[in-house]
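Please treat every number below as a calculation from the coordinates, not as lab data. All values reported here derive from a predicted model rather than from experimental measurement. Don't worry about glycine lacking a Cβ; one is built from the backbone with ideal geometry, like all the others, and counts go over all protein chains shown.
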Amino acid sequence: MGVTIHYGGSIKSIDLVDELVDEMVEVCNANNWKYQLIDTKTHETVDPNDTLPHLKGIAFGIDEAESVWFTFDHYGMLLSPMVAMFQQHEPEQTKGMDHHAFTKTQSAGPDYHIKIVNIMKYVSNKYFKDWSVKDESEYYETENREHLVECMDIIDKSLAALNEAFAVHGEGMAGKSEQEIKDFIGKVLGAEALDIKVIKLGDEEE
């Protein structure tokens with residue numbers, strides 16, 4: 001839960017990946033951001049049954065936000081390792097997916113979100129032959145900072161309300177059905193219709 005940017009596209013030429021990576025390293029150094037160079041040919045998954053396509057590029061950002069991924073398969077399609085794994089395990093849910101990477105900026109605040117949007121606009125214009133974005137705050141399309149701040153504030157208040165509610169009633173949720181948990185969350189947030197997926201850790205699939 002939180003403001004997220006979903007994005008995807010294809011680079012003009014696979015030969016441009018190294019140039020893009022070098023430029024993002026410079027951006028990270030200038031902003032004191034962490035980064036990781038990605039080449040999944042050398043990546044070992046925890047589960048030996050898991051396989052990743054060969055992805056090359058860079059992931060970067062700050063601790064308060066999810067990484068920004070500029071990683072590409074051998075066709076030049078932008079694809080994050082996380083989405084690649086999700087496609088492997090949940091193929092039906094990812095069929096026809098337009099955006100093949102995402103980054104959640106909620107906890108990092110509006111200024112960081114704006115920086116990432118500006119980087120995406122620059123990179124897409126210089127390096128991509130096709131590009132698509134869905135910014136949940138709509139800042140990418142509108143550059144309306146006030147609306148961005150409002151979206152983040154609403155979510156912060158909702159998360160605080162949920163944390164408080166579960167701190168008080170959390171033990172009583174044990175054994176509740178998925179629908180009962182959804183109803184509880186909806187009541188806390190004052191929303192009747194919510195698209196919520198409940199994941200019960202430690203439960204075996206039936």
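Between Leu16 and Glu150, what length comes free when the chain is fully extended (0.36 nm per residue of separation minus the Cα-Cα distance, one decimal in nm)?
44.5 nm is the gain from fully extending Leu16 to Glu150.
Which cross-chain or sequence-distant (5 or more) residues have an amide H under 5 Å from the amide H of Ile58, H modelled 1.01 Å from N in plane?
Ile38, Phe70, Thr71
Could you check the spin-label model distance between Lys121 and Glu26? Points 7 Å from the Cα along Cα→Cβ, value in nm.
Here the answer is 2.0 nm between the modelled labels.
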